[in-house]
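Notes to accompany the following structure.
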Amino acid sequence: MDEWRYKSAGDFGMPMQHRLKSVRRESGLVSSLTSQAWWMSTTAYLRVYHRLSIRGQEHLPAKPPFIMIANHTSHLDILQLAAALPMRLRDCAYPIAAGDTFFETRVRRMFSWMMLGALPMWRKKSVRHAIEDLRNRMLEEPVVYLLFPEGTRTRTGEIGHFKPGLGMLVAGTDIPVVPCRLSGGFESMPPGAKIPRPRKLRVTIGEPRQYDSIVNERQGWNSIVSELEQVLKGIET
């Protein structure tokens, strides 16, 4: 039997304003209960209003850590991606969200924390440092990251080029990366739309990939994101 060791939470002792912006933030009882209720209600909304269908759930790893990636079509994407997870994994799932969009104001920070459980990626600050923190946490804890490698929503409906940050997260590790193709979000809620239209949404989950043999440097990062971009484009919806 492994020796039990106490380990304090990664955000222990942080002031609230710093905790909300930290990638080390962990779920507490209140935020966990609130988040679970939110995901249950939003999943029901997606099933009824958007007739959400999910294919390929058998490809999801049995336990964390792992990363789910998807094309970024609308603000509905994170709801679709989370809905594809079994409920037992929702509490350890952390969407990686743009800090300059979802964490700029106190109201948005509270919503992103309490409802989405999102962790911030500050695109105009030290991205390298934030990715290293996310990588270390993933190697130490059973977390699931929900990530959109394009870094921003599509403006045409087509999949854009992936940023190298995903490669920086997984190069040289055995962490599975699960590619997921989303469809219907751009038609339902394109950039600029305020209210989603009742269009059918679909999540298609592909087979996981691992990159433990890829060197953790720029050439390796680029090869990872290049491959995963092509894999994602090749998933039939």
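For the range 187-237, the set of trypsin sites (Lys or Arg not before Pro) satisfying both a DSSP loop assignment and a count of at most 15 other C-beta atoms within 10 Å is given as Lys194, Lys200. With the simple spin-label model, which puts each label point 7 Å out from Cα in the Cβ direction, the Glu187 to Thr152 separation comes to 2.6 nm. Sort out for me the Cα centre separation of the range 117-195 from the range 30-99, rounded to whole Å. Taking the Cα centre of each part, the range 117-195 and the range 30-99 sit 14 Å apart.
For the range 130-237, the set of GluC sites (Glu not before Pro) satisfying both a DSSP loop assignment and a count of at most 16 other C-beta atoms within 10 Å is given as Glu158, Glu217, Glu236.
Panel order for Arg88, Arg155, by other beta carbons found within 10 Å of each beta carbon, from fewest to most: Arg88, Arg155. Inter-label distance, Met87 to Gln57: 1.1 nm, where each label sits 7 Å from its Cα along the C-beta direction.
Arranged from fewest to most other beta-carbon atoms within 10 Å of their beta carbon, His75, His50 become His75, His50. With 0.36 nm allotted per residue and the present C-alpha distance subtracted, the Ser213-Lys233 stretch has 4.9 nm of extension available.
Treating r as the C-beta distance of Leu33 and Glu141 and R0 as 22 Å, the FRET efficiency rounds to 0.60.
Since every read-out is calculated from the coordinates, none of them should be taken as a lab result. All figures in this text were calculated on a predicted structure; none of them were measured in a lab. All Cβ positions, even for glycine, are placed from backbone atoms using ideal geometry, and neighbour counts span all protein chains on display.
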